[in-house]
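Data block below; observations after.
Please treat every number below as a calculation from the coordinates, not as lab data. Quantities reported herein were computed from a predicted structural model and do not represent experimental measurements. Neighbour counts run over all protein chains shown; Cβ positions are idealised from the backbone, glycine included.
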Amino acid sequence: MASRLSAADFKDLTFCPPCLLHKKKKIALSWGIFVEATQQLRQPRLMEFAVSDELLGTFMPIAVYWLYSGLYLVLDAGLEEYRLHPKGEEAVKNVVSRGTVVKGVLLQQAFQVVVSLILFTLVRDDSNINPAQPPPLVILGQFIAAMLVMDTWQYFMHRYMHSNKFLYKHIHSKHHSLVVPYAFGALYNHPLEGLIMDTIGGALSFLISGMTPRTGLFFFSFATIKTVDDHCGFCLPGNLFHVFFSNNSAYHDIHHQHYGSKYNFSQPFFVMWDKFLGTHMPYSLERRDEGGFEARPKKD
């Protein structure tokens, strides 16, 4: 009968026979494999669950749109003294309900998702899912270039939709059904307008500027916040968009009024094209007796 091994035999491999040593190595190796597999099960595999910049660049601006516009909705009651229109004007002048606006915006965003995924699929480098970012100064230059491209595209497309009676009547007038703008109505457009002005304009900005998908994620989120703020219907003190941009909620509110529909086409960042091409309508902010502000046209 074979004798049993004592605990001391396992502690000191020097006195083990070769066959026993081999068995112990196999046991140790098997135990190591088991421990490693257990740790992998407990910890999610980052490569498998990672979200690409392309996907974030597609869905993050949508989330930002509803979060930022939702903030204005929550704060609405406490901002009466900064409102650009008396609250009752919305029900009188706007010809669509807020529920209809929500459905219209969701439809446009669905189109944007499809086009964005197609765009990122075409330009994606499979050998490097998330390309290395260029230096900060290059990123800043790409940001500015993308802003200029987007402004140029949107100015001329926007102005053409006003000058072409068919396009205005059947397409662009949908956006102008909100005479009194509010935040989550910023992208309430005809789907074709959304495709031409926002989706194609965004794609051109992305491609011409040469930005990476990660830079695009931040640029499109920023552009979304700016667009929502331009339609928020408030003129808030200390609003950085009013500090750094002449194109703001008051400037765009002029365009949404009947007397300003042939002016202030520029969006969403600068006013240069309006000034260069004679469509600039300056304004002054006047306090209303009943509270809030009114953007009134004035001579240039």
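With a cut-off of 8 Å between alpha carbons and a minimum separation of six or more residues, what is the relative contact order of the range 54-199 in percent?
Computed value for the range 54-199: 43 percent relative contact order.
Where does each of 63-73, 261-271, 200-210 land if you order them by average Cβ count within 10 Å, highest first?
261-271, 200-210, 63-73
Which ³J(HN,Hα) values in Hz, rounded to whole numbers, follow from the phi angles of the range 160-173 under the Karplus curve 6.51 cos²θ - 1.76 cosθ + 1.60, where θ = phi - 60° and Gly and Pro get x?
Values per residue, Gly and Pro as x: 5, 5, 7, 7, 8, 4, 5, 5, 5, 5, 9, 10, 6, 4 Hz.
What is the distance in Å between the Cα centres of the range 184-215 and the range 216-240?
Using only Cα atoms to place each centre, the spacing works out to 15 Å.
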